[in-house]
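All remarks here apply to the structure that follows.
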Amino acid sequence: MNNQKSMEVFSKAPVSQAVFKNALPAMAAMLMVLVYNLADTFFIGQTHDALQVAAVSLATPVFLIFMAVGTVFGIGGTSVISRALGEGKEDYAKKVCSFCMWSCIIVGVVIAALFLIFMNPILSLIGASSDTWDLTKTYLTIVACSGPFVLISNCYTNVIRAEGKSGIACMGQLLGNLFNVILDPIMILGFGWNIAGAAIATVIGNVAGAGYYICYFLRGKSSLSISFKEFTVKNKVCSSVLAIGIPAALSSLLMSISQIIVNSQMAEYGDMAIAGMGVAMKVTVITGMICMGLGQGIQPLLGYCVGAKLWKRFKDIFKFSAIFALILGTSLTILCYLSAGQIVSAFLTDTTAFDYAVQFSRILLTTSFLFGLFYVLVNGIQAMGAATASLIISLSRQGIIYIPALFILKAVLGLTGLAWAQPVADIFSTILAAALYIKTYRKLSREQIAGQIEANN
């Protein structure tokens, strides 16, 4: 009965109510992820050692690879499950859910092992200096051990929303983040474990979050399943998830790769420049993460509408969400721009690193008002199951557009060019996303009309 009420939000609730009921918990969850990501840098900053801050900045994009892989199964699984539920295919939705769980475990173990085996080459690749090498290695070695738990936590905060349980999805994130935020000051400052303490707190937080989601399914409160009996790669379970999940994950993966490239390019300007850019990205990510939560929150709604062929409702939900996204993105951008100095000061005390961070923050924030609209467009495309369009966007924003812009603008503008590359990529990728959304929507509309004509004949 409870599950039925949850699904009624997808099909019958007023548009604004449906959007806020699903999007607000997702936004809160991403805000918690933001706090989680900021906590290590903040408390490490209280050691007043900029080299440790630089080490965390170097390690962050590598750690994000784990989260990117979790996105494969999280976004891909959510898209497939929400459409399956809209079509009334509950057994198929269970199989997809189980596939995501066991894939997270297997792939997480493999990636963790690869990280540990190839740690030294990875450190060289990300631009660790002689001063930051041991610090970065310590952090990554400890964090790598939580690989499967990172994947599960990142996956199921999305998948559970597919059955209308946004509150449950949010609680898992909250629990994991609470552990991390509470343990960070204890282990970093109280025990004096410094960067190792930050890593241990991160591991415990991920274990707690993943454990919460596993217990939720084991208690039988879900209409879905993680039972191994339901696990299969047949009947397009694997291919359907990967078709949407891989393009979605590519965006996060390319973001990690591009950050690694940025760090390596900035190495010639010194560790303080790296520390400054690392903190500047965290200022910008405040807007990005919350807006991403909005996009991820509405995806199950849109996916359900596609599966149930509720096209007018789909259009109304998208329109409302796009308008709200622009208002949200603009408001957050103004807030972060005006308070950039205050935010940076919470992480950095070194004058040189502080100046770099404020300068880079204000450059990166020039286009962050577009984040909300971008993520609504992307998740709308993913909800429609448009794998090719999703792939094109993922490859473009942090890859085809962003990486060449890094090298071109660095050659023209020097150090600041590395910061201006992201705003350039944001503008062009949003235009591209809008064009692909319109194309995908029109294609599905034509197919629907054709299907109705065929049925009448």
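The values are calculated or read from the model by the stated rules, or taken from the named source; none is laboratory data. Model, not experiment: these values are computed from the prediction. In this analysis, Cβ positions are derived from the backbone assuming ideal geometry, glycine residues included, and neighbour counts consider all displayed protein chains.
Tell me which residues, restricted to segment 213-230, are of a type outside the set (Lys, Arg) and over 24 Å from Ser166 (Cα atoms). Don't jump to the end; show me each part of the working.
Pass one, segment 213-230, residues of a type outside the set (Lys, Arg): 213-218, 220, 222-228, 230.
Scanning segment 213-230 gives a single hit, Phe228.
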**Study point:** Residue that is assigned to a helix (DSSP H, G or I), of a type in the set (A, V, I, L, M, F, W, C) and either in contact with a strand residue (DSSP E or B) (Cβ under 7 Å, 6 or more places away or on another chain) or without any contact (Cβ under 8 Å) to a residue 60 or more places away in the chain (or both), where the choices are Leu326, Leu302
**Key:** Leu326
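How many of the residues in segment 17-39 are among the small types (Gly, Ala, Ser) and at pLDDT below 85?
Of all residues in segment 17-39, those among the small types (Gly, Ala, Ser) come to 18, 23, 26, 28-29, 39.
So of that shortlist, the ones also at pLDDT below 85 come out as 26, 28-29, 39.
Adding up the residues that qualify gives 4.
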Point to revise | Members of segment 96-134 that are β-branched (Val, Ile, Thr) and over 18 Å from Val233 (Cβ atoms) | key: Ile111, Ile117, Ile122, Ile126, Thr132
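Hey, can you tell me all the residues within segment 39-77 that are polar (S, T, N, Q) and assigned to a helix (DSSP H, G or I)? Give the derivation first.
As a first pass, look at segment 39-77 and keep what is polar (S, T, N, Q): 41, 46-47, 52, 57, 60, 71.
Selection gives Thr41, Gln52, Ser57, Thr60, Thr71.
Residues Thr157, Thr132, Thr202, Thr138: which one is within 24 Å of Ala55 (Cβ to Cβ), among the hydroxyl-bearing types (Ser, Thr, Tyr) and either surrounded by fewer than 18 Cβ atoms within 10 Å (Cβ to Cβ) or under 22 Å from the mean Cα position of the chain (by Cα) (or both)?
On the way: Thr157 fails: within 24 Å of Ala55 (Cβ to Cβ); Thr132 fails: either surrounded by fewer than 18 Cβ atoms within 10 Å (Cβ to Cβ) or under 22 Å from the mean Cα position of the chain (by Cα) (or both); Thr138 fails: either surrounded by fewer than 18 Cβ atoms within 10 Å (Cβ to Cβ) or under 22 Å from the mean Cα position of the chain (by Cα) (or both).
Of the residues listed, the single one that is within 24 Å of Ala55 (Cβ to Cβ), among the hydroxyl-bearing types (Ser, Thr, Tyr) and either surrounded by fewer than 18 Cβ atoms within 10 Å (Cβ to Cβ) or under 22 Å from the mean Cα position of the chain (by Cα) (or both) is Thr202.
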Point to revise | Search result, residues across segment 364-386 that are closer than 30 Å to Tyr269 by Cα and in contact with a Phe, Trp or Tyr (Cβ under 6 Å, 6 or more places away or on another chain) | key: Leu365
**Study point:** Scan of segment 402-423 for residues that are surrounded by fewer than 19 Cβ atoms within 10 Å (Cβ to Cβ) and more than 21 Å from Ala275 (Cα to Cα), ordered by number
**Key:** Pro404, Ile408, Ala411, Val412
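Just the residues that are β-branched (Val, Ile, Thr) and under 29 Å from Ala386 (Cα atoms), please, taken from segment 206-259.
Going through segment 206-259, the residues β-branched (Val, Ile, Thr) turn out to be 207, 214, 226, 232-233, 237, 241, 244, 246, 257.
Ile226, Thr232, Val233, Val237, Val241, Ile244, Ile246, Ile257 - these are the residues of segment 206-259 that are β-branched (Val, Ile, Thr) and under 29 Å from Ala386 (Cα atoms).
Restricting to segment 177-232, name every residue that is part of a loop (DSSP other than H, G, I, E, B) and within 27 Å of Val96 (Cα to Cα).
Going through segment 177-232, the residues part of a loop (DSSP other than H, G, I, E, B) turn out to be 191-193, 219-227, 231-232.
The answer is Arg219, Gly220, Lys221, Ser222, Ser223, Leu224, Ser225, Ile226, Ser227, Phe231, Thr232.
Tally the residues that are of a type in the set (A, V, I, L, M, F, W, C) and closer than 10 Å to Ala162 by Cβ, restricting the search to segment 71-86. Quick ask: steps written out before the conclusion?
Looking only at segment 71-86, we keep the residues that are of a type in the set (A, V, I, L, M, F, W, C), and these are 72-73, 75, 80-81, 84-85.
Now restrict to residues that are closer than 10 Å to Ala162 by Cβ: 80-81, 84-85.
So the count comes out to 4.
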Practice item. Kindly list, by first and then second residue, each pair from a residue in segment 152-179 that is aromatic (Phe, Trp, Tyr) and at pLDDT below 85 to a residue that is crowded, with 24+ Cβ neighbours inside 10 Å and not in a helix (DSSP H, G or I), limited to pairs with Cβ atoms under 6 Å and residues at least 6 apart or on different chains. Key: none
Check your understanding: Looking at Ser394, is it crowded, with 21+ Cβ neighbours inside 10 Å, in a helix (DSSP H, G or I), in contact with a Leu (Cβ under 7 Å, 6 or more places away or on another chain) and touching a residue at least 40 places away in the same chain (Cβ under 8 Å)?
Key -> yes
Revision key, fill the gap. Note on Ser103: of the conditions (1) modelled with pLDDT under 90; (2) small (Gly, Ala, Ser); (3) part of a helix (DSSP H, G or I), unmet is (1)
Review point. Before we move on, is Gly329 in contact with a Ser or Thr (Cβ under 8 Å, 6 or more places away or on another chain) and either over 30 Å from Ser445 (Cβ atoms) or buried (at least 20 other Cβ atoms within 10 Å of the Cβ) (or both)?
Key: yes
Practice item. Please list, ordered by first then second residue, the pairs with beta carbon atoms under 9 Å, 6 or more apart or interchain, first in segment 420-449 and modelled with pLDDT under 95, second acidic (Asp, Glu). Key: none
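Being of a type in the set (Val, Ile, Thr) and crowded, with 16+ Cβ neighbours inside 10 Å is the filter here, so list the residues in segment 114-129 that pass it.
Of the residues in segment 114-129, the ones of a type in the set (Val, Ile, Thr) are 117, 122, 126.
Listed by number, the residues that qualify are Ile122, Ile126.
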Exercise for review: Starting from segment 234-255, keep only residues that are in contact (Cβ under 8 Å) with a residue 40 or more places away in the chain, then list their pairs with residues that are in a loop (DSSP other than H, G, I, E, B) and surrounded by 19 or more Cβ atoms within 10 Å (Cβ to Cβ) whose Cβ atoms are within a distance under 9 Å, requiring at least 6 positions of separation or different chains.
Suggested key: Ser240/Gly385; Ala243/Gly385; Ile244/Gly385; Ile244/Ala386
